[in-house]
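Structure provided below as structure tokens; questions to follow.
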Amino acid sequence: MKKIIIMISGRGSNMLAIARNVQTGILKNICEIQAVFSNNPDAAGLQKASEFGLPTYVIASRGKKRKTYNSLLLDWLKSQNPDYIVLAGYMKILSSEIIREFPRRIVNIHPADTAQHQGLHGYDWAWENKLKETKITVHFVDEGLDTGEIIGQKTVDLKTAESLEEVEERGLKVEHQFYSECLKKIFTAKSGKAQRLNYK
Ligand code: GRF
């Protein structure tokens, strides 16, 4: 059973989807959520995590120097000793020290093909460029911005989508299912190395 920390900064819909899959879905008996962490004390996802019965932990990043925040975060993560760290809408960039402490053990979900679009606003990018489809990407986190090894990608059909809200709604529906599928693949990989998943 893998122990995971989920890190969020906002709404927490992916966190909740994972929590549901841990309780009764495809992640049952595969992993347990040690805690939900946020750098933002006002993140709506914290309330959702508490209501779900998950322990939460906050280190407010606002008002702290980046170095101070990251060093407190590293100390806390080490004290938790998780098998994996799962980023789910965590909006800060992790320090090199944290990434080096957990090599191939930090996973992120990105709402676009990381080869085509990095950073924020992946759905806005797809909508503004009138893409017929976009790709949700789950990847390991390295020291670059959305440059880590890809674990899996899943296509979202955007044909006939009539607004940015619709693009986001279709994308999130895929995210909520696909993230747990990729996590299952990683957590159950025999060699410790998850082979790339190419869901279409
Ligand atoms: C998702 O679109 C995810 O791909 C991106 O940030 C968003 C987080 O949404 N990294 P939520 O907080 O999980 O609802």
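Looking at (1) under 17 Å from the mean Cα position of the chain (by Cα); (2) open to solvent by less than 40 Å² (accessible area, probe 1.4 Å); (3) aliphatic (A, V, I, L, M); (4) at pLDDT below 95, can you tell me which one Ala161 breaks?
Unmet condition: (1).
When residues of the range 87-106 are filtered for being within 11 Å of the ligand (Cβ to nearest atom) and assigned to a strand (DSSP E or B), how many remain? Don't jump to the end; show me each part of the working.
Kept after step one, since they are within 11 Å of the ligand (Cβ to nearest atom), are these residues of the range 87-106: 87-91.
Going one step further and asking which of them are assigned to a strand (DSSP E or B), we end up with 87.
Residues meeting the conditions: 1.
Also, I was wondering about something else. Consider only pairs whose beta carbons are under 6 Å apart and that are at least six residues apart or on different chains; among these, list those whose first residue lies in the range 90-114 and is closer than 15 Å to Leu77 by Cα and whose second residue is open to solvent by 20 Å² or more (accessible area, probe 1.4 Å) and not in a helix (DSSP H, G or I).
Ser96/Glu143; Ile99/Glu143; Arg105/Tyr84; Ile106/Val141
Output the residue which, of all residues in the range 1-19 that are surrounded by 15 or more Cβ atoms within 10 Å (Cβ to Cβ) and among the basic types (Lys, Arg), is farthest from the ligand (Cβ to nearest atom). Please lay out each step first, then the result.
At the first step, the residues of the range 1-19 found to be surrounded by 15 or more Cβ atoms within 10 Å (Cβ to Cβ) are 2, 4-19.
Restricting the remaining residues to those that are among the basic types (Lys, Arg) gives 2, 11.
Working: Lys2: 20, Arg11: 4 Å.
By that ranking, first place goes to Lys2.
Restricted to the range 20-60, and to residues that are β-branched (Val, Ile, Thr) and surrounded by 15 or more Cβ atoms within 10 Å (Cβ to Cβ), which residue is nearest to Tyr90 (Cα to Cα)? Can you show your working first?
From the range 20-60, those β-branched (Val, Ile, Thr) are 22, 24, 26, 30, 33, 36, 56, 58-59; that's our starting set.
Narrowing further to those that are surrounded by 15 or more Cβ atoms within 10 Å (Cβ to Cβ): 22, 30, 33, 36, 56, 59.
Numbers: Val22: 20, Ile30: 23, Ile33: 16, Val36: 11, Thr56: 14, Ile59: 13 Å.
In this case the residue turns out to be Val36.
Also, quick follow-up: If Glu143 satisfies every condition in (1) within 11 Å of the ligand (Cβ to nearest atom); (2) open to solvent by 80 Å² or more (accessible area, probe 1.4 Å); (3) of a type outside the set (S, T, N, Q) but one, which is the exception?
Here Glu143 meets the rest and fails (1).
Do we have Asp113 as modelled with pLDDT under 95, charged (D, E, K, R) and closer than 18 Å to Gly148 by Cβ here? Even if it seems obvious, please write down each step before you answer.
Working: modelled with pLDDT under 95: yes; charged (D, E, K, R): yes; closer than 18 Å to Gly148 by Cβ: yes.
Against the criterion (modelled with pLDDT under 95, charged (D, E, K, R) and closer than 18 Å to Gly148 by Cβ), Asp113 qualifies.
Would you check if Leu145 is touching a residue at least 40 places away in the same chain (Cβ under 8 Å) and farther than 25 Å from Gln34 by Cβ?
Working: touching a residue at least 40 places away in the same chain (Cβ under 8 Å): yes; farther than 25 Å from Gln34 by Cβ: yes.
Taking the combined requirement at face value, the residue satisfies it.
Moving on. Among residues belonging to the range 61-73 that are part of a loop (DSSP other than H, G, I, E, B) and open to solvent by 30 Å² or more (accessible area, probe 1.4 Å), point out the one that is farthest from Leu16 (Cα to Cα).
So in the range 61-73, the residues part of a loop (DSSP other than H, G, I, E, B) come out as 61-65.
Keeping just the survivors that are open to solvent by 30 Å² or more (accessible area, probe 1.4 Å) gives 62-65.
Details: Arg62: 24, Gly63: 28, Lys64: 28, Lys65: 30 Å.
Once the filter is applied, the top-ranked residue is Lys65.
The values are calculated or read from the model by the stated rules, or taken from the named source; none is laboratory data. Everything quoted here is computed from the prediction, not taken from an experiment. Heads up, the Cβs are rebuilt from the backbone with ideal geometry, glycines too, and the neighbour counts pull from every protein chain shown. In case anyone asks, the SASA skips ligands and DNA or RNA and just uses the protein heavy atoms, side chains included. Shrake-Rupley method; radii C 1.70, N 1.55, O 1.52, S 1.80 Å.
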